[in-house]
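Okay, so here's the structure we're looking at.
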Amino acid sequence: MVIKKIVAGCIALTFMSVTSPLLACTTTIAGKDATEDGSVCVTHSDDGFGDPRVVYIPAKDHAPGTMRAVYYSDSALGYEARFSTAPSLRFNIDSRSPYYKATDGTPPTLPLGYIPEVAHTYAYFDANYGIMNEHQLVMGECTDKAKIDPQPESGKRIFYSAELSRVALERTKTAREAITLMGNLIAQYGYYGTGETLLVGDPKEAWVMEMCGYDENGTDGVWVAKRVQDDQFFVAANQFRIREVIKNSNDMMFSSNIFEVAEKKGWWKPEDGALDFTKVYGDGEFHHPYYSLRRVWRAQSLVAPSLNLSAWAKGPFTTLYPFAIKPDNKLAVQDLMRIHRDNYEGTEFDMTKGMAAGPFGNANRYEGGAESTMADEKGPGVTGAFERPINIYRCAYAYVLQARENLPAPIGGVMWLAYDRPTSSVMVPFYAGAGNLPDSVQRANALTYDRESLWMAINYVANYATMKYSYMIKDIQEKSQKFEADFFGKQAELETEALTLWKKGDKAGARALLTTYSENATSDVLSTWWKLSESLYLSYNDGYYNDEKEIAQPLFYPKWWLKSVGYEQGPLEYRQ
């Protein structure tokens with residue numbers, strides 16, 4: 001689909017510095033023959049401390065001549081006050097969802113520009129990027145380091161991957177249609193921001209699309225897309241992953257300018273051989289060595305241990321890790337979520353071990369600077385880096401999406417959503433055919449304490465657990481595992497009931513059934529997690545363990561840690 005008209009916005013303000021971290025995510029996609037139940041599955045962890053809300057955008061009809069506003073995305077280059085968006089809010093607009101309309105006097109978000117609207121747009125789940133629409137079109141994302149990160153400019157560069165994904169979910173039903181549309185939008189309206197990987201799936205196919213700008217004053221961008229074979233698994237972690245661009249292939253698409261731009265910039269010439277998109281348009285790993293590659297290694301090793309992949313590479317553009325791999329065993333949703341809960345446990349990089357983990361095995365490693373620096377962390381006179389795990393403390397949300405060909409789209413499409421860091425969260429199912437999302441899912445603000453917010457309940461518990469992590473994480477995961485066992489145990493029965501209603505012609509009844517189920521599940525998790533926060537507080541108060549049998553039961557530091565911190569040199573005698 002080619003859009004033919006643009007109405008320029010009126011933004012011509014001075015560029016302001018980035019004041020919040022970029023989102024640096026991990027994302028995977030599995031073909032239908034790589035999963036146990038024939039799902040095409042997409043996963044994504046949104047690893048940035050910003051607006052964590054997942055919001056329902058309803059289907060809408062639009063009058064002829066209506067224009068669709070295109071807004072700046074904080075996840076592109078960080079928060080910028082020139083667009084009148086609050087740092088903790090994705091948007092302040094009233095055209096998509098009532099949850100996007102601020103009521104605290106925050107100035108409205110200013111559009112970068114407009115494109116012609118279509119007569120009908122589809123319902124979808126939205127967050128910092130579009131997630132899934134009512135037709136089981138599913139998406140995941142990660143930010144990549146490109147050679148050039150153009151700034152947004154009205155009339156020249158108005159699209160970033162976030163708004164591209166939303167427009168595609170509003171207007172298309174298949175992965176190929178979505179990629180074609182997004183490519184046309186880049187060519188027509190220009191691309192700004194970081195390099196990006198978008199994973200795009202439907203019930204039949206799994207695709208990887210990568211894109212970036214190439215000139216600070218450019219009015220378009222470049223992109224490439226490659227299909228993941230049906231029996232394959234793909235992972236990306238903040239670095240481009242598509243290598244050779246192959247012409248005349250049914251499994252590859254790319255922008256018409258991809259070769260011309262590379263030659264003109266002096267980044268590639270035909271005698272070099274096939275154009276390697278990762279090397280030609282990318283600029284290595286996103287933050288520091290192994291910031292990306294270690295996660296790719298880990299995800300592929302978890303899925304196919306038989307490959308015996310090395311964790312060590314010769315450089316950022318290694319070909320050690322294949323584009324996609326065949327899993328040793330077909331993957332379940334639980335297997336995919338387990339990847340996002342990983343802290344390198346059981347490997348030489350295990351983040352629950354060693355001095356950095358402290359006496360109680362805390363896997364979290366707090367960062368000293370914003371991701372936007374794209375350089376080594378610098379403390380007081382110290383330069384270095386921690387390992388970057390797949391599970392990270394600053395995760396806003398993570399999900400596994402199912403798109404299933406053997407079911408009607410409203411029943412076949414499922415978003416398994418885990419708020420906050422996956423290791424200490426619980427996956428809750430939401431169906432593509434839902435008429436809405438629960439209120440507690442659609443409300444969250446990092447600057448407002450809100451006990452009606454599911455994100456805040458889970459985030460609160462996760463933060464409190466860092467005090468005695470090795471103990472509290474067991475209590476948290478016991479609750480999580482019970483919920484998830486119940487959800488997965490009821491999935492087949494629920495979907496059979498919904499399918500029966502659907503086949504009888506009661507489509508509204510089927511949608512209501514699925515919507516109510518998720519509402520009840522969310523309510524149970526919300527209530528349980530706040531009770532869990534109270535239980536953890538009472539049980540581990542003042543560093544002890546307290547229960548009905550005895551209070552102030554000691555949970556002392558382990559011997560190895562006491563020796564490491566000089567405990568034995570403590571004041572045991574009256575001499576210097």
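Annotations for the structure displayed:
- Were the residues from TYR567 through VAL382 laid out at 0.36 nm apart, the gain over their Cα-Cα distance would be 64.1 nm.
- Taken along the Cα-to-beta-carbon direction at a fixed 7 Å, the label points for ASP37 and SER535 span 2.7 nm.
- Among the listed pairs LYS353/LYS559; LYS60/LYS156; LYS474/LYS531; LYS173/LYS204, a Cα-Cα separation exceeding 19 Å is found for LYS60/LYS156.
- FRET E, pair ASP231, ASP61, Förster distance 35 Å, beta-carbon r, rounded to 0.05: 0.30
- Cross-link reach is defined here as a Cα-Cα straight distance under 19 Å, omitting same-chain residues fewer than 8 places apart; for LYS490 the lysines meeting it are LYS479, LYS482.
- Helix runs (DSSP H) in the chain reaching 30 Å along axis by Cα, Kyte-Doolittle at least -0.5: 507-539
- FRET efficiency, 1/(1 + (r/R0)^6) with R0 30 Å, evaluated for ASP524 and LEU555 via beta carbons: 0.50
- When Rg and Dmax of the Cα atoms in Å is calculated for this entry, the matching label among (1) 29.6, 91; (2) 24.0, 89; (3) 27.7, 85 is (2).
- Extension gain (nm, one decimal) between GLN334 and PHE49, 0.36 nm per residue minus Cα-Cα: 100.1 nm
- Once the chain from TYR545 to GLU260 is taken as fully extended at 0.36 nm per residue, the excess over their C-alpha distance is 96.0 nm.
- Between ASN248 and MET467, the simple label model (points 7 Å from Cα in the Cβ direction) yields a spacing of 6.8 nm.
- Here GLU534 sits with roughly 100 square angstrom of accessible surface, probe radius 1.4 Å.
- The mean accessible area for residues of the range 250-328, using a 1.4 Å probe and ignoring ligands and nucleic acids, is 47 Å² per residue.
- For ALA332, residues with placed amide H under 5 Å, excluding near neighbours: GLU36
- Cβ charges +1 (Lys, Arg) and -1 (Asp, Glu), total dipole of the chain, debye: 520
- Efficiency of FRET from Cβ geometry, LYS314 and ALA274, R₀ 22 Å, rounded to 0.05: 0.60
- Global geometry of the range 23-122, whether rounded, prolate or oblate, following the gyration tensor of its Cα atoms and the 1.5 cut on a/c: oblate
- Accessible carbon and sulfur surface of the chain relative to its total accessible area, %, 1.4 Å: 52
The values are calculated or read from the model by the stated rules, or taken from the named source; none is laboratory data. Note that the coordinates shown come from a computational prediction; the quantities given were computed from them, not determined experimentally. Quick reminder, even Gly has a Cβ in these numbers, built from the backbone with ideal geometry, and neighbours come from all protein chains shown. The area values use the complete protein model at the heavy-atom level, side chains included, leaving out ligands, DNA and RNA. Shrake-Rupley method; radii C 1.70, N 1.55, O 1.52, S 1.80 Å.
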